[in-house]
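J.: Below are the structure tokens for one structure; questions will follow.
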Amino acid sequence: MFYSDQKNIKKHKYQDFLKVVGGLSNLFSDSNIPYLYYRIAEKIFCRAFDAEDLSRSDVSADAKKDLLGIGLKTFLQGNDKTFQKVAEFNADRKLYANLSYEDLIINISELRNNRIDFTEKLHGLNNSMYHCVVRDNGIFRIFEEKMDRIDISNIKNIKLNKSSIVFDDNIHEYSFLLSKSTLTKRFKTKKFVFEFDVEILKDPLLDLQKCLYEEKILISKTTKIEQTIFLPLYGRQQTVFPKSGLNQWNAKGRDRHHDEVYIPVPIIIHKQFPHFFPDRDTPFILKFPDGEEVTAKICQENGKALMTQSNRKLGKLILRDGLKLKIGELATYDKLQLLGIDSVRIDKINKNKYEINFAKNGAYEEFIERNTQYT
């Protein structure tokens with residue numbers, strides 16, 4: 001699906017990187033099974049295959065290569081049919097907390113499918129898949145499969161256990177962990193696309209010391225981010241007002257395009273991070289997840305709005321691709337909750353360039369609580 005179609009030079013680089021990290025396993029355990037931390041696996045994949053790293057975004061894919069979204073996982077081989085986490089819905093708990101367990105599963109399945117749809121629209125993807133590094137004694141195995149939506153019309157065998165609800169859809173088996181609000185999927189890993197041996201170093205600290213002195217440490221080149229903030233896609237009291245923000249297209253006055261929106265910039269952001277954005281009405285470059293760069297600026301009284309030059313790019317992504325609203329249909333906070341995304345993350349690259357990514361429900365409130373003392 002992916003690995004087999006890559007050039008040999010990239011596959012060899014990927015294997016070498018994995019062997020290097022797997023070889024250091026004795027730093028973490030005494031097992032004969034090589035250790036691979038999932039964040040390192042994501043970095044290695046993106047470095048080896050020149051893929052875009054999406055792991056900092058709250059989307060269903062960890063990487064993007066051309067028009068393909070890729071969920072990256074690493075886990076023990078075990079019995080070849082292990083359950084692994086594919087989505088977390090802790091921030092959406094209030095949407096399903098009082099539902100029957102049958103209705104809860106339908107709701108979770110809809111949320112899961114919506115997230116995959118939104119990720120593909122947001123990043124301009126045609127398809128999504130899983131790429132897994134499966135670990136066994138002295139070996140790494142590569143397993144791949146499609147990232148299927150849950151076939152809601154065929155959900156069956158819903159069973160409530162002590163701490164989970166299990167079900168299937170004639171394609172995959174799933175388990176929803178109630179205490180963690182986490183959806184897991186059974187990965188049946190009996191057919192691998194490739195495998196290779198991993199030599200675990202007996203004394204990795206000594207080998208690392210030698211590499212340090214010989215200046216052979218591999219250093220990844222990543223985009224340096226000066227600062228990051230989060231902004232809400234809603235206004236005061238968790239309300240999307242009918243004539244502003246995501247519903248700016250509905251405001252009175254001049255004729256407006258049906259995709260005209262802006263992202264609210266609360267006064268607390270300007271007070272706590274006064275030098276994050278340029279001055280009001282000063283243009284800067286804003287890069288979207290699909291790679292497109294547009295001109296944007298802080299506008300309106302008290303700098304309360306982040307707007308792009310035409311405002312239509314934001315509107316299409318949020319209103320049409322994300323919320324799937326019809327022209328003339330109002331955006332609401334409840335509809336954002338169903339999408340699982342009610343905030344955006346803004347990364348400042350330099351004073352003239354910024355990047356925007358969408359963030360999970362509650363991300364803005366968590367950011368404010370974590371980084372400010374403003375009341």
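J.: With θ set to phi - 60° and the Karplus curve 6.51 cos²θ - 1.76 cosθ + 1.60, what are the ³J(HN,Hα) couplings of segment 165-172 in order, to the nearest whole Hz, using x for Gly and Pro?
T.: Per residue, the Karplus-derived 3J(HN,Hα) values read 10, 9, 6, 9, 10, 6, 10, 9 Hz.
J.: What FRET efficiency, computed as 1/(1 + (r/R0)^6) with R0 = 22 Å and r the Cβ-Cβ distance, is obtained for Glu199 and Tyr38, rounded to the nearest 0.05?
T.: E between Glu199 and Tyr38, to the nearest 0.05, is 0.50.
J.: Another one. Give the aspartates and glutamates whose C-alpha is closer than 13 Å to that of Lys287, dropping any in the same chain fewer than 8 places away, or say none.
T.: Within reach: Asp347, Glu355.
J.: Could you sort 97-104, 132-139, 66-73 so that the peptide with the highest average Cβ count within 10 Å comes first and the rest follow in order?
T.: Values: 97-104: 12.4, 132-139: 17.8, 66-73: 19.6.
Descending mean neighbour count gives 66-73, 132-139, 97-104.
J.: I would also like to ask the following. With +1 assigned to the C-beta of every Lys and Arg and -1 to the C-beta of every Asp and Glu, and no other charges, what is the dipole magnitude of segment 38-165 about the Cα centre in debye, to the nearest 20? Present the calculation step by step, with values, prior to reporting the outcome.
T.: On the way: 21 positive and 20 negative charges, 81 e Å.
I would put it at about 380 debye.
J.: Give me the mean projected area, in nm² to one decimal, of the convex hull enclosing the Cα positions of segment 217-332.
T.: Mean projected area of the Cα convex hull: 9.2 nm².
J.: Of Lys252/Lys360; Lys159/Lys326; Lys243/Lys297; Lys81/Lys335; Lys316/Lys360; Lys271/Lys351, which sit over 27 Å apart, Cα to Cα?
T.: On the way: Lys252/Lys360 31 Å; Lys159/Lys326 36 Å; Lys243/Lys297 20 Å; Lys81/Lys335 35 Å; Lys316/Lys360 19 Å; Lys271/Lys351 18 Å.
Table pairs above 27 Å Cα-Cα are Lys252/Lys360; Lys159/Lys326; Lys81/Lys335.
J.: So what is the relative contact order for the chain, in percent, with contacts set as C-alpha pairs under 8 Å and at least six apart? Don't skip to the answer; put the middle values down first.
T.: Details: 696 pairs, mean separation 60.2, N = 375.
RCO, the chain: 16 percent.
J.: Once Lys and Arg get +1 and Asp and Glu get -1 on their Cβ, which of Ile152, Val20, Leu338 lies farthest toward the positive end of the dipole of the chain?
T.: Leu338
J.: Which FRET efficiency value, to the nearest 0.05, is calculated for Asp321 and Arg236 with the Förster distance at 25 angstrom and r the Cβ-Cβ distance? Each step should come with its number before you reach the end.
T.: On the way: r = 26 Å, r/R0 = 1.05.
Result of the calculation: an efficiency of 0.45.
J.: Helix 8-23 versus the longest principal axis of the chain: what is the Cα-based angle in degrees, 0 to 90, to the nearest 10?
T.: Once rounded, the angle reads 80 degrees.
J.: Counting only protein heavy atoms and a 1.4 Å probe, tell me what percentage of segment 255-328's accessible area is made up of carbon and sulfur. Write down the numbers at each step before the final one.
T.: Values: 1680 of 3600 Å².
Heavy-atom surface of segment 255-328 belonging to carbon and sulfur, 1.4 Å probe: 47 percent.
J.: Which label marks the calculated value of Kirkwood radius over Cα pairs in Å, given the options (1) 21.1; (2) 22.8; (3) 21.9?
T.: Comparing each candidate, only (2) matches the computed number.
J.: Let me ask you something else. Compute the Cα gyration tensor for segment 126-182, then decide on rounded, prolate or oblate, letting a ≥ b ≥ c be the square roots of its eigenvalues: rounded whenever a/c is under 1.5, prolate when a/b is larger than b/c in the other cases, and oblate in all that remain.
T.: Oblate, since a/c reaches 1.5 and b/c is not below a/b.
J.: Moving to a separate point now. Could you tell me what percent of the DSSP beta bridges with both partners in the chain are antiparallel, to the nearest 5?
T.: In the chain, DSSP labels about 85 percent of beta bridges as antiparallel.
J.: Just the number, please: Stokes-Einstein D of segment 22-91 in µm²/s, Kirkwood Rh from C-alpha pairs, 4 °C, 1.567 mPa s.
T.: For the chosen part, D equals 93 µm²/s.
J.: Report, largest value first, the span of the C-alpha coordinates of segment 252-318 along each principal axis, in whole Å.
T.: Sorted largest first, the three principal extents are 33, 32, 19 Å.
J.: Here's another thing I want to ask about it. Just to confirm the number: angle between the C-alpha axis of helix 38-49 and the first principal axis of the chain, 0 to 90 degrees, nearest 10?
T.: Orientation of helix 38-49: about 90 degrees from the principal axis.
The values are calculated or read from the model by the stated rules, or taken from the named source; none is laboratory data. On a predicted model such as this, the values are computed, not experimentally measured, just so you know. Cβ sites come from the backbone with ideal geometry, for glycine too, and all protein chains shown count toward neighbours. Side chains included, ligands, DNA and RNA excluded: accessible areas come from the protein's heavy atoms. Shrake-Rupley method; radii C 1.70, N 1.55, O 1.52, S 1.80 Å.
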